[in-house]
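The values are calculated or read from the model by the stated rules, or taken from the named source; none is laboratory data. Keep in mind that what you see is a predicted model, and the values were worked out from it rather than measured. Heads up, the Cβs are rebuilt from the backbone with ideal geometry, glycines too, and the neighbour counts pull from every protein chain shown. Just the protein is used for accessible areas: all its heavy atoms, side chains included, with ligands, DNA and RNA removed. Shrake-Rupley method; radii C 1.70, N 1.55, O 1.52, S 1.80 Å.
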Amino acid sequence: MASFTVRVEMQNADWDDYENLHKKMAAKQYHRQVEATSGTTYQLPDAEYTHSSTTKDENEVANEVKSIADSVKKSSRVLVTKSAGRAIRGLKAV
């Protein structure tokens, strides 16, 4: 299963826009938390998500996220990275 880290930026967005984005992303199984190999769960920075898929590659994830973000606010910016491992420093444990 592939894991992805996703970053979204919406131009001229306010708090309500990002709350709407969070709800839409959660409905598509994009999460705002990440679990370390130790089992500890951490809160990701604002507008950053994790996603796992057995069928999608990074381009498909980027297209899906861009569509979700643009449904909230046009001209969104999306960065998707396929993870080969993560190191976590300084994030808040939840």
Task: Count of residues meeting criterion [more than 20 Å from residue 16 (Cβ to Cβ), surrounded by 13 or more Cβ atoms within 10 Å (Cβ to Cβ) and hydroxyl-bearing (Ser, Thr, Tyr)] in the stretch 38-80 - done: 5
- [ ] Would you confirm whether any residue within the stretch 28-47 is under 21 Å from residue 82 (Cα atoms), of a type in the set (Gly, Ala, Ser) and at pLDDT 95 or above?
- [x] no
TODO: Output the qualifying pairs, or none if there are none: Cβ atoms under 9 angstrom, residues six or more apart or on different chains, first residue in the stretch 55-67 and within 16 Å of residue 27 (Cα to Cα), second residue open to solvent by 70 Å² or more (accessible area, probe 1.4 Å) and assigned to a loop (DSSP other than H, G, I, E, B).
DONE: 64/28; 65/28
Open item on the list: Of everything in the stretch 48-77, what is over 18 Å from residue 34 (Cβ atoms) and hydrophobic (A, V, I, L, M, F, W, C)? Give them in sequence order.
Closed with: 62, 68, 69, 72
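Report the residue count in the stretch 74-86 for those that are in a loop (DSSP other than H, G, I, E, B) and modelled with pLDDT of 95 or more. Don't jump to the end; show me each part of the working.
Step one: filter the stretch 74-86 for residues in a loop (DSSP other than H, G, I, E, B), giving 74-76, 84-86.
Narrowing the set further to residues that are modelled with pLDDT of 95 or more leaves 76.
Number of matching residues: 1.
Can you name every residue in the stretch 43-64 that is assigned to a strand (DSSP E or B) and closer than 20 Å to residue 2 by Cβ?
We begin by selecting, within the stretch 43-64, every residue assigned to a strand (DSSP E or B); these are 43, 48-53.
Within the stretch 43-64, 48, 49, 50, 51, 52, 53 meet the criteria.
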Task: In the stretch 1-29, residue surrounded by the fewest Cβ atoms within 10 Å (Cβ to Cβ) [restricted to those that are touching a Ser or Thr at 6+ places or on another chain (Cβ under 7 Å) and assigned to a loop (DSSP other than H, G, I, E, B)] - done: 1
